[in-house]
1. Quick one: is Val207 of a type in the set (A, V, I, L, M) and closer than 29 Å to Leu115 by Cα?
2. Please count how many residues of segment 241-270 are farther than 17 Å from Pro129 by Cβ and either more than 17 Å from the chain's Cα centre (by Cα) or not in a loop (DSSP other than H, G, I, E, B) (or both).
3. Limited to segment 118-136, what total is found for residues that are within 17 Å of Val25 (Cα to Cα) and not in a loop (DSSP other than H, G, I, E, B)?
4. State which residue is surrounded by the most Cβ atoms within 10 Å (Cβ to Cβ) when the search covers only segment 158-182 and only residues that are within 14 Å of Ile195 (Cα to Cα) and in contact (Cβ under 8 Å) with a residue 24 or more places away in the chain.
5. Applying the selection to segment 1-14, what residues are surrounded by fewer than 22 Cβ atoms within 10 Å (Cβ to Cβ) and touching a helix residue (DSSP H, G or I) at 6+ places or on another chain (Cβ under 8 Å)?
6. Output yes when any residue across segment 174-189 is among the charged types (D, E, K, R), modelled with pLDDT of 95 or more and in contact with a strand residue (DSSP E or B) (Cβ under 8 Å, 6 or more places away or on another chain), and no when none is.
7. Against the definition (over 21 Å from Gly123 (Cα atoms) and assigned to a helix (DSSP H, G or I)), how does Leu63 come out, yes or no?
8. Only residues that are crowded, with 19+ Cβ neighbours inside 10 Å and either touching a Phe, Trp or Tyr at 6+ places or on another chain (Cβ under 7 Å) or within 17 Å of Gln173 (Cα to Cα) (or both): list them for segment 248-276, please.
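The values are calculated or read from the model by the stated rules, or taken from the named source; none is laboratory data. Just so it is clear, the model here is predicted, and its values are computed rather than measured. Quick reminder, even Gly has a Cβ in these numbers, built from the backbone with ideal geometry, and neighbours come from all protein chains shown.
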Amino acid sequence: MTTSPRVVGLIAGGRQFPVLVAEGVKRAGHTLVVACFEGHSNMEVLRHADAHATLKLGKLGKLLSFFKEHGVEHVIMAGTIDKPRIMDVRHFDMRALKVIFKNKNKGDSNLLSALTRELESEGMRVVPPHEHVPDLLTPEGVLTKRVPTDREWEDLRLGWVIGKELGRLDIGQCLVLREGIVAAVEALEGTDEAIRRGCRLGGSECVVVKVFKPGQEERVDLPSAGVDTVQMMVEGKATCLGLEAGKSLLFDRDQTLAEADRLGISIVGISAPDDTGK
């Protein structure tokens, strides 16, 4: 992480991640310029901002002008965006439409990579958010008291392989499976709905796997999980969660693991199939 003071622009989405990043940026002594979006962003982030603007989603030209006006040098993207609402391009400006329609593949990774290139073409360096909150990265190994069963280990291995292949096509980061059968693959609806659907179709004792897409833009979109994920799994009677070690984020780690332990859910930081620990 750069130690000299910088002007950091934060593109803030929802939930707690942008707030955690903002806290990390300010701890490091940087100036924080925040761009929020109506109906998407966690507005608590504004209490850490030295300057801020609330924009409509899709106004890329205004976002770039705002950052340039405030001398932003580094840009961080953090937080969730309601993906189905992104599909409505009627309110996008010409700069955003150009970015979208010059990409034949409009998957998450491709569009985020295109946005990254657009920001950097304006002289702003896009940096990974976990530089400011490194403790969020998922460690490798079994993280809970309960170790996965043999069947769950098999599903973790298979989930890794299938997840990586789907990732090469820029399809989702999450899948749900049980006994070698894939019950759901994340698409536009997001992780929570994929887990809900997968558990409904797969039945109790499903395994949830989230992996980093090959070729994914690591600076802007890492897989993540937290207490909400565990609660969604409990609702669907899923029993095991695998997160790619070192390339996924685990929020509220102590609380999340404690809740998983209380409910008998196993959480594992996984890597390549031969290294899953069994």
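1. No: the conditions fail for Val207.
2. The number of residues fulfilling the criteria is 19.
3. 8
4. Val176
5. If the condition is that a residue be surrounded by fewer than 22 Cβ atoms within 10 Å (Cβ to Cβ) and touching a helix residue (DSSP H, G or I) at 6+ places or on another chain (Cβ under 8 Å), then Met1 is the only one that fits.
6. Among the residues of segment 174-189, at least one is among the charged types (D, E, K, R), modelled with pLDDT of 95 or more and in contact with a strand residue (DSSP E or B) (Cβ under 8 Å, 6 or more places away or on another chain), which makes the answer yes.
7. Numbers: over 21 Å from Gly123 (Cα atoms): no; assigned to a helix (DSSP H, G or I): yes.
No: the conditions fail for Leu63.
8. Ser248, Leu249, Leu250, Ile267, Val268, Gly269, Ile270, Thr276
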